[in-house]
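Asks: Sharing a structure with you now.
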Amino acid sequence: MPVRLYRLPSAARRLLPDCLWRLPATDNTLYLTFDDGPIPGETPFVLEQLARFDAKGTFFCVGDNLARHPDIARQVLAAGHRLANHTQHHVSGWAVSRPEYLAEVVRCQQELDALLPAPEARPLMRPPYGRITPPLAQDLRATHQVVMWDLLTCDYDATLNPEKCLRNAIRYSRPGSIVVFHDSVKASRNLRYVLPRYLEHFAGQGYRFAAL
């Protein structure tokens, strides 16, 4: 059985203190995020589900997908959600040099800025796979808020039963959680099962869903 870390241990979080892991738990708010889009089929599905519950989310986009599907990205913005940076080609910060990685972030940000009404003062960025080094995080601090997560749903795991995916997503959520889903083909089976039921469960508990 694969080891699934729905929430990273506090020791791992301390290695990246400048990253955003969770928002203050001042009320029953969850911060839903969606990685790897925009993708035809999957991203519009997410938008439909969020609209049913008057929920807002943050979409961490791959620059290549933005270039291929700008109309879907515009739909995300028109619905009141936020677009954010997930590098140009979904690269691992452990696999490329610091200059290469920073160039990936810059290229993705150029794609985002071409879609936004005005450039953001400090845009959001999430490292693909969560793989980033402390020096890279420090480099990015000057231009971006690096966002990690409080809960990784593991929806991308094809060996994970959808019911179990939902059960653990509910179990590990708490006020202020930054929750990761994926609007990707790979995650489609679990995403389409879990997201509507997750929204319904927490809406019934009096939670609201906000963008970062």
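Values quoted throughout were computed directly from the atomic coordinates according to the rules given, and no laboratory measurement underlies them. Just so you know, these numbers come straight off a predicted model, no measurement behind them.
Asks: Please compute the Kirkwood hydrodynamic radius of segment 128-212 from all pairs of different C-alpha atoms, in Å with one decimal.
Replies: That comes to 14.3 Å for segment 128-212.
Asks: Can you list the HN-Hα couplings for segment 151-162, worked out from phi with the Karplus curve (6.51, -1.76, 1.60; θ = phi - 60°), rounded to whole Hz and with x for Gly and Pro?
Replies: Per residue, the Karplus-derived 3J(HN,Hα) values read 9, 9, 6, 6, 5, 6, 7, 5, 8, 8, 4, x Hz.
Asks: In terms of modelled amide H atoms, which long-range or inter-chain residues lie less than 5 Å from the amide H of residue 32?
Replies: The list, which skips near neighbours in sequence, is 58, 179, 210.
Asks: Would you calculate, for the chain, the mean residue ellipticity at 222 nm contributed by helices, counting each DSSP H stretch of 4 or more residues as -39,500 (n - 2.57) and dividing by all residues, to the nearest 500?
Replies: So the calculated ellipticity at 222 nm is -12000 deg cm²/dmol.
Asks: Translational diffusion coefficient, Stokes-Einstein: compute it for the chain using the Kirkwood radius over C-alpha pairs as Rh, at 20 °C and 1.002 mPa s, and state it as an integer in µm² s⁻¹.
Replies: Reported coefficient: 125 µm²/s.
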